[in-house]
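Some notes on the structure that comes next.
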Amino acid sequence: MGHRLADDALAELARTRGKDLTAYAYVMTGDLAAAQDLVQEALLKVFLRTRNGFSPDVAEAYVRRSITTLYIDGFRRRRHARSVEHLFRPEEVHEPIAVAERRMDMLAALAALSPRERASVVLTYYQGFGTAEVAEQLNLAPGTVKRYLSNARQKLEQRLGPLPDPGESSAVRTLTPPDEPRGRTS
C-alpha cells in the first residue's frame, strides 16, 4: 500500500511540477537533456525510499534539494548524457537573435563558475532564495555562501557587465528553455 501512495505522489509531482523542476535543473546544468536526466534521477532518488504522507510541496522540496546535490557532486550519468546528447536533441527553436545571444552569453558566463558558485547563483537569482536559504540548501555556512556569491558575481560581471540585485531574477531567468515555465509559480 505504501508503494502505491509513493507512486501516486511521484506521478502527481511529475505531472504538475515536472516542467518547473526541469527549468530549475536547466539553469544548473545549462543543457536541457542533462537537466531532464538530472530531474529524473532526483525523482528516483527521492521516491525509491517509500515516503508516506508526502505533500506535493514537501516532495518538491526534497526533489529540488536532490537536484542541487546531484549537480554539485558531479553526478556520473550527467557526464555520460553529454556524450550521447546529440542523439536526443530537441527540435530547433527559432528565437530572436538578441535573446539567443543573451542566453548564450549567460550560459558561457555560468559555465565559467565552480559548481558551488553556480548553484549559489541559481538558488539566489533564479529561485529567489536569501543567503540563509542557500546556505541550508547547500549545507554551508552563510558566510561561505556570501563568499561564493561574491566571487561568482565578480566573474559574471566581468563577462556580462553589472548584474541586477538578487531580487531582480530576470537575468538568470533568460536561461529557461523556450516554452518552459520561468521558475516557481507556487
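Can we say residue 114 is in the same structural domain as residue 157 (by TED's automatic domain parsing), at pLDDT 65 or above and on the phi < 0 side of the Ramachandran plot? Please lay out each step first, then the result.
Values: in the same structural domain as residue 157 (by TED's automatic domain parsing): yes; at pLDDT 65 or above: yes; on the phi < 0 side of the Ramachandran plot: yes.
Answer is yes for this residue.
Condition first: of a type outside the set (A, V, I, L, M) and closer than 14 Å to residue 28 by Cβ. Now tell me which residues in segment 113-147 satisfy that.
Taking segment 113-147 as the starting set, the residues that turn out to be of a type outside the set (A, V, I, L, M) are 114-118, 120, 124-131, 133, 136-137, 139, 142-144, 146-147.
Across segment 113-147, the qualifying residues are 114, 115, 116, 117, 118, 120, 124, 125, 126, 127, 129, 137.
With respect to the stated conditions, residue 48 fails to be farther than 23 Å from residue 139 by Cβ, surrounded by fewer than 21 Cβ atoms within 10 Å (Cβ to Cβ) and at pLDDT below 85. Within segment 136-154, identify whether any single residue is free of Cβ contacts under 8 Å to residues at least 24 places away in the same chain, outside the structural domain of residue 24 (by TED's automatic domain parsing) and closer than 18 Å to residue 74 by Cβ, and answer yes or no. For segment 136-154, residues free of Cβ contacts under 8 Å to residues at least 24 places away in the same chain, outside the structural domain of residue 24 (by TED's automatic domain parsing) and closer than 18 Å to residue 74 by Cβ: present.
The values are calculated or read from the model by the stated rules, or taken from the named source; none is laboratory data. Only a predicted model underlies this, so the values are computations on that prediction, with no experimental measurement involved. Here the Cβ is made from the backbone with ideal geometry for all residues, glycine too, and neighbour counts use every protein chain on show.
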